[in-house]
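Visitor: Before anything else, here's the structure in question.
The values are calculated or read from the model by the stated rules, or taken from the named source; none is laboratory data. Since the model is a prediction, treat every value here as computed from it, not as a measurement. Here Cβ is always computed from backbone atoms with ideal geometry, including for glycine, and neighbour counts include all displayed protein chains.
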Amino acid sequence: MRIRACWIATLSGQLSRIADVFRPWGVHLALSVDLSSPKIRGGLDTFDPLDSRVAAWWRAKADEIYRAIPDFDGFVMKADSEGRAGPAAYGRTPADAANMIAAALKPHGASFFVEPLSTITTLIGGT
């Protein structure tokens, strides 16, 4: 399911219902997110993964999701591929972006995957 992270406030009820449907079968919801969401939809002037405002934005989104879906599995992120902006726009590496997102998810013990798999695959903190 691909939903821009900033839409979570609007869709948290719907996402929670989807999670409720799959939970009895041991399936946990994860979302594909766009690294540029803080700039594109979140009102910031940047999505630089080393900017503290961007990190705070992602922490707030992760916290928002976990309030609605306590067993949320985590994020899948595409960046610098398939026309999606990524950390290279700021001279940053995929690791810089992955570490920033992983830090937002760490308090929740979530999984985080970075696409494309042919370039970098990262699983941080999952169970």
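Visitor: Can you say whether THR127 is surrounded by fewer than 17 Cβ atoms within 10 Å (Cβ to Cβ), modelled with pLDDT under 90, of a type in the set (Val, Ile, Thr) and over 26 Å from GLN14 (Cβ atoms), as far as the supplied structure shows?
Guide: In short, no.
Visitor: Starting from the range 95-118, keep only residues that are more than 18 Å from PHE47 (Cα to Cα) and surrounded by fewer than 21 Cβ atoms within 10 Å (Cβ to Cβ), then list their pairs with residues that are among the aromatic types (Phe, Trp, Tyr) and modelled with pLDDT of 85 or more whose Cβ atoms are within a distance under 7 Å, requiring at least 6 positions of separation or different chains.
Guide: HIS108/TYR66
Visitor: For the range 79-88, check the following and say yes or no: at least one residue is buried (at least 19 other Cβ atoms within 10 Å of the Cβ), at pLDDT below 90 and more than 14 Å from the chain's Cα centre (by Cα).
Guide: Yes, the range 79-88 has at least one match.
Visitor: Here is a follow-up. Six or more apart or on different chains, Cβ under 7 Å: which pairs go from a residue in the range 54-71 that's touching a residue at least 24 places away in the same chain (Cβ under 8 Å) and assigned to a helix (DSSP H, G or I) to one that's acidic (Asp, Glu) and crowded, with 16+ Cβ neighbours inside 10 Å? Could you list them?
Guide: The qualifying pairs are VAL54/ASP48.
Visitor: Of all residues in the range 19-31, which are on the phi < 0 side of the Ramachandran plot, free of Cβ contacts under 8 Å to residues at least 60 places away in the same chain and not in a helix (DSSP H, G or I)?
Guide: Within the range 19-31, VAL27, HIS28, LEU29, LEU31 qualify.
Visitor: Restricting to the range 32-53, name every residue that is surrounded by fewer than 16 Cβ atoms within 10 Å (Cβ to Cβ) and either touching a residue at least 12 places away in the same chain (Cβ under 8 Å) or among the hydrophobic types (A, V, I, L, M, F, W, C) (or both).
Guide: Hits for the range 32-53 are SER32, ILE40, ARG41, THR46, LEU50, ARG53.
Visitor: Check the range 47-57 and report whether any residue there is touching a Ser or Thr at 6+ places or on another chain (Cβ under 9 Å), farther than 20 Å from ASN99 by Cα and of a type outside the set (Asp, Glu).
Guide: no
Visitor: Which number in (1) touching a strand residue (DSSP E or B) at 6+ places or on another chain (Cβ under 7 Å); (2) over 23 Å from ALA103 (Cβ atoms) marks the one condition that PRO24 misses?
Guide: (1)
Visitor: Return the residue satisfying two criteria in turn: it lies in the range 58-78 and is among the aromatic types (Phe, Trp, Tyr) and under 19 Å from ASN99 (Cβ atoms), and of such residues it is modelled with the highest pLDDT.
Guide: Among them, the one singled out is TRP58.
Visitor: Residues in the range 32-53 that are modelled with pLDDT of 95 or more and assigned to a helix (DSSP H, G or I): how many?
Guide: The total comes to 2.
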